[in-house]
Structures are given as structure tokens and as C-alpha cells.
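Here is the structure we will look at, set down as C-alpha cells.
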Amino acid sequence: MALSFQEIVLELQRYWSRQGCLVVQPYDAPKGAGTLNPHTFLRALGPEPWRAAYVEPSRRPTDGRYGENPFRLQHYYQFQCVVKPAPADAQALYEGSLRALGIDVVKHDLRYVEDDWEQATFGCAGLGWEVWLDGMEVSQFTYFQQVGGLEVDPITFEITYGLERLAMFIQGKASVFELEWAPGVTYGDVHLETERQGSRYHFEEACVDTLARRFEEDQGEAFRLLILEHPLVYAAYDHVLACSHAFNVLQARGAISVAQRQVYVNRIRNLAQRTAEAFVRHREDLGHPLLRGAAEPAGVA
Amino acid sequence: MSEQTVDLLLELGAEEIPARFLADAEAGLARAVEEGLRAAGLAPATLRSGATPRRLAVWAGGLPRRQADQAEERTGPAEAAAYAGGAPTQAALKFAESMGVPVDALELREVTKGKKTARYLWARRVVPGRPTLEVVAELLPRWIEAIPWKKSMRWVPGSKARFARPLRRIVALLGGEVVPAAWAGVTAGRATQGHRFLAPDALELADASWEAYVARLRAAHVVVDPAARRAAIEDALSPHLGPAGLERRRALVDEVAGLVEEPLVDVGAFDPRYLRLPRIVIEEAMTGHQRFFPLEAPGAGGALAPRFAYVANRPFDPVIRQGNERVLAARLDDALFFFELDQKTPLDQRIDRLDEVVFMQELGSYKARIARVDGLALEAAKAAGFAPEDAESPRSGTRITRSLPRGGALPLHLHLAAQLARTDLTTEVVQEMPALQGEMGAIYARLQGQPDEVADAIREAWLPRGEGGALPETRAGMCLALADRLDTIVCAFATGRAPTGSKDPFMVRRSVLGVLRILRERGLDLGYGRLVRAAVAALPDGVAGDRAALERQALDYFRERLAVMMVEGGGRHELVRAVLGAGRDPTNVLDAWARLDALQTLGDDPGFGRLFELVERTRNITQKNAQGVDAGDVDAGALEHPAERALWAALEGCRDDVRGHVAARRYVEAGRAYAAALAGPVHTFFEPAPAGVFVMDEDARRRTNRLALLLQVRALLAEGFADLAEARPAK
């Protein structure tokens, strides 16, 4: 019996927990990728060690297909794992996670194929691979080099599993909606309607004026929080995420002209960089608590 | 390996190195090792190398076991400074110390410095050679750092060390000994590793034998030699692809050979219903992301079969084939979905969507660009003689009209194609498969009832795609391809994106080469100067800036590339210069090439070769002295000296003939008529008086007359053919 969708998530959580990762929870703000969860974006900055794993819903408004395409979703799930500093056995750890899911990597054709990663809006870039399993891309593997426009050291490595892809591989399904979420319940039962409505909302109904106004308000608020004498980094970052999501919806709605697009991107990048700088200072002020006595990072055994 | 020599084996084991980096990295490392050893006096007798995604290997065979001892001789301070009252001075002591010899071993020798001969201190010492092991240990980090990566990364905390992906293992053996070296926190050892999954255990190597290294790895599912992997893949593919198919997929074979350590070629199948898709879409779905090889059905006139070949990194297992088949099915399903979706919105309804696709930030969207390209394409058609000079575009701007304009069908086709050419950027298939830009536009245009000429032009506007790529075949395609490139080129120059040695984000260099190739290889008899001027004129005011300067900058760049192209095509430097500095329209590529060919032919005529020097002399003397003198200043009645009268008569006698030949582009004949008439008289003219004339006569009138005469000699050939003053090889 192949693992169900929820068992895959549970197995990955157990596995990475055994590797000393904190199993943290999805962050309660819409975002385009698991990397933007503060457990990755902020923790990848500065000298402190960090290990975490979590599921993250990713919102890609322009990828919506009204539930009619078997592979494309405007809302899907990533399983994300970050380890800083990147360990020398990063690849072996990843392969171990596939074994934990019952995939015999010796029997399959597993390959690491060049695929560098960039998230220009948040000033992030890294080098790595997409991981092929018998020709199917199931994960993205990245060594961060830059986060929030800042060169990072030590380097964080990040694994992003496309949970639906991985489940399709494990369950041998040709459509995401046919995946078994749990016995008797399909992915489609859970998400077909959310896909239909999400696509309609993003492409047809989202109120452009409201979103544009919210972008301005969130940008203003993030900026204000960052220039306080003692900046409120986390609250500011929430508003940066809100800006980024509003921008993505506006784009799906076809409401951003070419000239405006770059302006929006620059504004978000500027905020993301200021937030990153503020976070680095903030951890310095705290005296880098996670460095304290910790040859072993802040994991739970 | 003999008693006196020893072999060096070096392997750098890394996490998967990108396939496209491997060839340069392998060669770069081998070069660094060889040059490093040679410079250290340890030149290897033999060098071998290998590369897989997980390792770079170099073997240097037949190294001396230690460096040879080096004798060093040096001259020190002069005698006067070396001894005071018979005792060695501080300077003498220092010199002895620096040479590592006792002071009484110093000698005095006579040395000549300049015009002076004096006695100086002199010493000789023997610098003992160091053991090879020690030298290699010292050099190894530098070799690693010399590898040329297209892109590299950091991964060691607090270190600046860079490699393509994290370096995890160094094998460095000199004979049986491990080289005591380390880099980026990795210490060299003797253990390598086989295939990631099939032979993960450490393989201890006894010594630096290349044969043993290759054989041990082969047994551990790794083929170290990239050429051997390529050959294995080609052998297995060739029954399916045939020699032509294999040739066509050469780049893909190379890439795939860099993605595996132990290649296995297998064939999978897909549902024939996907064969409804355009062939190029199926092929792109296979080759673009999956690196699969499309196969043709035997005896079906080259039609695609519902099968594909793929290369795995391990021996066959049915689950691998199933997995690859499933992935391809998903991609083809996706493509079919998009292909059908795209057709719900015809191309002409997509023009407004181009407003969302940025061309260059300062210049707005692709939609804003359409009118410029439309106008330029018509200009190119006129310049090429495909349309009359009074031809009109049906309508400028971005509205489509289908009425037949003045100038006939071509202007209409150009107009339609210019409107639609980039609309496929907004289609789902192109967003998924950017390599199909232009191809999809043509396919959709045909499906939507556009004339073939329009569909072909949409496709051909992208040609040539790469250096040496196929060129447009149709008139409309050529004009649109020229227009598209010229707009890109002048826009890049206008916005400060001129190509530099390392940066050329808009691929201006490639665009210019494309223009030159189309003009030459399609035999278009027109000057690019006219098109550059039109492209500059079409720019919006805010962007163009100083239009004259912009035009000059673009023209200079074109001329520079044309010169490079001509030299690469076998033209001699000086002849290319002579040709590009002359002519009625030096920007006419076809004409410039004809003139170059003629000049090369004439250069072999003994009578003509002599002219190069003579015309160069006319330039040298007029350059310095003929300010304010006009070639037309010759006063024939005032010519006195027989040599100058003879030269004038020769000029008068051949002028019409030469010009007639030039006008008819009979350049060889023009050159011969010129040489026959003028070689003798010019030679005599330059003879010392009294046979020749003294040009710089004190009498101003005489002097002006003679200088004007010489200006005419040079100009007669330069005005339409070649400036011979430039044509002499540099000494």
C-alpha cells in the first residue's frame, strides 16, 4: 500500500525530527513559496545555527487553472527543510528522507540536475539542483548564497519537496486531484472547489482597488515599523509578505502594467532588504542566543 | 613508471557538478596541473584526464621524483664598496648571507657594466631541488582554484573557497604516497568513491596508476572518460536515430553524457493520441526539460513514432522506464491542454496583451515596439528592391488592416507579420517552452488562416537563432528579421546597453552578426547604413538622445563586426581596411565583399602590388602638406614638368574607364585599368629630379598643383573601390 498524502507529510516530519530539526508549523500569512516563511527567510541570516522542517501552503495566483489541469494549482503544498550551516552529508540526509517514504533509491534513477534558484523580489539566490526520480522532478535542493540582498555565511541548505508531485510518484497517479489524501478521501475532495473558486477570484473577481490600496497601506506600515528606534522586525515582515501577496494577485488579475511591475518589485525588494538588515541587527543585540554553547543547533532530539 | 620517475593522480570529488561546466573544468584543471608542474621544473611525460558529474580527475605520468638542483650565480657590490682596509664591509657580509655562503667564499670578478669595467663581488651557490611530493602539496590548492567555472558557490563557513558545488573529497597520490595537502577543509587521501547508489563505499587506491583507477571505477559503475560515455550513448542510440538523427542531437548527447556516470539507453513509449500535437512541441517536451530523444517511425517518411529514448544513470529496471513514461505523458498532456487553450484566443486578439510583455524598461512593451518594427521592415524591403520606394504600409501603428496597400502584397504581408510576430509570447505553450517562440506563432497563424507568407515571416523573424543557424528563406522573413534586429540593436545602444567584452544582455553582437549574415548570404544588395539611420529615426524622442551620435556609435560597431567577419572569412587585415575605408556605400556588405575579393585577386598581379606602396606615398606626402588643397585644384595649363604632365594625361586617360568598371562592379577590371595607366607615371613622378618632380616646390602654385594631382591619384580608386594607401601589410 502506497503512503497517503497525509502519511507522506507525517513521515517527512518524523524523519526530519529524527535528524534534529525543529518541526515548526506553517506560517499564517499567504505567500508564494515556503522560503518566505520567516523560519527560513529570517533564520537563514546571521551566524546562528538553525534546523527546521515544516509544511507550507504556497499561493501562485497566476498558476490557477480552475481545477481543469491535472498538474497545476494556484494553491499547493511544499514540505520545506532548512539546515544551517549546511552539513557535509546534506545529500545523504535527503536520500534518507526518500527511503523513509519507502522509495528504494538504489532501484530508481535518482539524479541531481543543475537548477539554480532565485527569488528576485526578496533578494534571494542560491545554487543547487532539481532532483529527478526516474525523470520526474520531485524536489528542489539549494545552497543559499544571498538572502534579502545580503550575502550569507554560514550557508543554509534548503530542500523543498513538491508534496503533490512526490505523492503522484509514490501513488502512481496521473492527476493531482486523484491523489489519496487519506483512505477514502482524495485531494480533489479537499481542493477541487478551492481551486475553482481560487482561480475565479484571482482572475475575475479580486477587487483591484482594494488590493492596490492594501499594498500601499502594508508597505507604509512595514516601513514605519522598520524605522522605529527599536524596529519591530517580525510585524514588519508580516506586512512585507502581505505586500508580496497583494502584488501576486494584482498580477494574476492583469492589473499591473509593465512600467508599474518593476516599481512594485523594487518596493518589495527594498522592504525585504531592510527587514533582513533589521533582523541581523536584532539578533546581534540579543547576543546571538542560538550560538550560546551550541555546537549542536537548536534541534529537538 | 621507472625508478627515477613517479606518477601523480588527482581526483576532486564533488556533489553533482552541472553538466555544462564539465568540459571546461576538466580541461582547465588539466592545464593548470601541467603548467604548474612544468613551471616547477617537473614537466610530466604524459597527461590524462577525466570527468563525471561527481569528479574531475587528472593524471600526470613520468614526473621526476624531485626537482633538479639549480646553480645560481650572482654579482654583488663593487670592490670599492665591498672592502674597507682589506676587511669585508657590511655590504659584503650581507651579500654573502643572501647567497648562503661564507664570506671568504666570495670572489672578485671583472664585470663590464655599460662602458665601465670594474671588479665586483661574485658568488655561486647550488639551490637543492625539492622533493616532488612537497612541491605538489604546495601547488595543489592553486590548481583547484584555477578551475574556470561558469558559476561557483561558497559553502564553507567563514571561507571564501569557491567550487561549482561543494567539494567533498580529494584524492592525491604521488606514486604510492598521499600528497599532504588540503583545501576548503578537505584533506587529501587515497579513497575514491564509485556510483552514488550502486557502489557507495570508499575505494582505497594503492597507488597513482591511471589504469587501475579507471578499472576500479568501472567496476564501481563509473565511466571516468566523458568520451567513452558519449560513445556508449551514441552506439546505443544509433540504431534508433541513424547517423543524421544522431548528428542533429549532438549537443543533447553531450549534455546527457555529463549527467551520468554509467549510461544506460532505453526506449519508452507514449500514447499515440499526443501525436496530434505539432511535432516541434512534442520534440521540445522531450528534449527541453527531460533530455529525451524523439524517435521517428521507420518507413513513415520521417514522421514521429510514439516512442522516445532516454538515458539513465544505472542498469535497467522496469520501474525506471515506467517513471520516465509517466513524466513524459504528463508533459504531453500539459502541452495538449495548452495548445488547445491557446487556439481559443487568436493571435490578432493577443496584440493588446503584448502591452504586458516588457521589451526594455525605457522603451516599454513589445506592443509599443510593433510600429517601429513594422516601419523598418518596409524600409528593408524598399532598400532590398523588394518593394518600390513609394510603397506604403497598410497603416502604421498597431491596428491590423488587410487592404492591399500601394506596393503590393509584400508590404501587406510584412505589416501583418510585424503585428503578429511576437504575439505568441502571450501563449501558454510558449510560456512553457520559450524555445518555441516564433515557431508557435507560425503554427497558430497558419491554423488561423493567415497567408503562408505571413506565417513563414513570423517564424523566420527569429532567424538565425544562433551563430551559424539557418537564415530566413522568404523575402518577408528576411525583411522582418532585419527589422527586428535593427530595432533591438539601436534600442540597446540608446539605453546604454552596448555590448562589452563580458556583458551583452540583449545579444547585440549576435544580432549584428545576424544582420550581416542575412545581407551577405541572402545576397541583399543594400547598405545597413540606411537601416541603422531609419531605426535611429524611429526611436521615441525621450530615448534617442543625440541621434547623430547614436547612429555613429551603431555604425562603428557594425563596421567593426564586419571587419572581424571578413578577416575570419580569410580576408587580409590591411585589405579589409582598404575596402571598408572606401566605396560608394561602405555599409553595403555584398559590395564590400565583392571589392575585397577583387582586391585579393589584384594583389597577386605583379603590376598591381607595386601600386600599394606608391599610393601610400601619395597619402604620406599629402597628409602632412595638403591642408586646404582640393583634389579639383589641378590647373592643367600650369603643369610644367614632363613627369607631372604625363601623370595628368594618364589620369585623364583612364578616369572614365576606371569609373565605368566600378559603376558596373567590375572591380578587377577597374583595378587593372588603373594600374596599367598609372603605375608607370606615378613611379616616374616620385623619381628624384630631374626625372621626377619635387612636390614641395617653393612656388605655392606649383606645389598646390602637384599635391592636388596626388590627391586625385588616390581618390580615383578610393571613391568607389579601395583605398590602396591602407592596403600595404604592416611591417
(Q) Given points 7 Å out from each Cα along the Cα-Cβ axis, report the residue B:90 to residue B:104 separation in nanometres with one decimal. (A) 2.5 nm
Q.
For a Förster distance of 41 Å, can you work out the FRET efficiency between the beta-carbons of residue B:465 and residue B:676, rounded to the nearest 0.05?
A. 0.25
Q) What's the longest piece of chain B with no exposed GluC sites (Glu not before Pro), counting a site as exposed if DSSP puts it in a loop and it has at most 13 other beta carbons within 10 Å? A) B:4-388
Q) Under a straight-distance cross-link criterion of Cα-Cα below 29 Å, which lysines are reachable from residue B:116, leaving out those fewer than 8 residues away in the same chain? A) B:94
(Q) Loop-only trypsin sites (Lys or Arg not before Pro) in region B:104-195, please: DSSP not H, G, I, E or B, and at most 10 other Cβ atoms within 10 Å. (A) B:115, B:150, B:160
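So which of B:344/B:503; A:84/B:503; A:173/B:151; B:150/B:344; A:84/B:150 end up more than 31 Å apart, counting from Cα to Cα? Write down the numbers at each step before the final one.
Numbers: B:344/B:503 40 Å; A:84/B:503 34 Å; A:173/B:151 37 Å; B:150/B:344 42 Å; A:84/B:150 26 Å.
Beyond 31 Å between Cα atoms: B:344/B:503; A:84/B:503; A:173/B:151; B:150/B:344.
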Q. Does any residue of region B:283-298 lose at least 50 Å² of accessible area with all protein chains in place compared with its chain alone, and if so which ones (probe 1.4 Å)?
A. B:289
Q) To the nearest 0.05, how large is the calculated FRET efficiency for residue A:266 and residue B:546 if R₀ is 22 Å and r is the Cβ-Cβ distance? A) 0.15
Q. How much of the accessible area of region A:206-289, in percent, comes from carbon and sulfur atoms when a 1.4 Å probe is used?
A. 49 percent
Q.
Out of the total accessible area of region A:5-201 (probe 1.4 Å, heavy atoms of protein only), what percent is carbon and sulfur?
A. 50 percent
Q. What is the distance in Å between the Cα centres of region B:122-198 and region B:246-291?
A. 38 Å
**Q.** Neighbour count of at most 14 Cβ within 10 Å plus DSSP loop: longest GluC sites (Glu not before Pro)-free window in chain A
**A.** A:69-228
**Q.** Two-site label geometry, residue B:115 and residue B:316: point separation in nm, points 7 Å out along Cα→Cβ
**A.** 9.0 nm
Q | Accessible surface of region B:147-208 [probe 1.4 Å, protein heavy atoms]: carbon and sulfur percent | A | 52 percent
(Q) With a 1.4 Å probe and all protein chains left in place, how much accessible area per residue does region A:5-201 have, in Å²? (A) 32 Å²
Q | Accessible area per residue, Å², region B:226-342 with all protein chains present, probe 1.4 Å | A | 39 Å²
Q | Euclidean distance between Cα centres, region A:146-210 to region B:318-366, Å | A | 20 Å
Q | Pairwise label distance in nanometres, residue A:292 with residue B:473, each label 7 Å out on the Cα-Cβ vector | A | 7.6 nm
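Please sort through the DSSP H helices of chain B and keep those with an alpha-carbon extent of at least 24 Å along the long axis and a Kyte-Doolittle average not below 0.0.
B:22-39, B:318-342, B:366-383, B:475-494, B:667-686, B:700-718
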(Q) If you take the accessible area of A alone plus B alone and subtract the pair, what total do you get in square angstrom, rounded to 100, with a 1.4 Å probe? (A) 4000 Å²
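The values are calculated or read from the model by the stated rules, or taken from the named source; none is laboratory data. Keep in mind that this is a model prediction, so the values were computed, not measured. Note: ideal-geometry Cβ built from the backbone for every residue, glycine included; neighbour counts use all protein chains shown. Heads up: the accessible areas ignore ligands, DNA and RNA and are worked out on the full protein's heavy atoms, side chains in. Shrake-Rupley method; radii C 1.70, N 1.55, O 1.52, S 1.80 Å.
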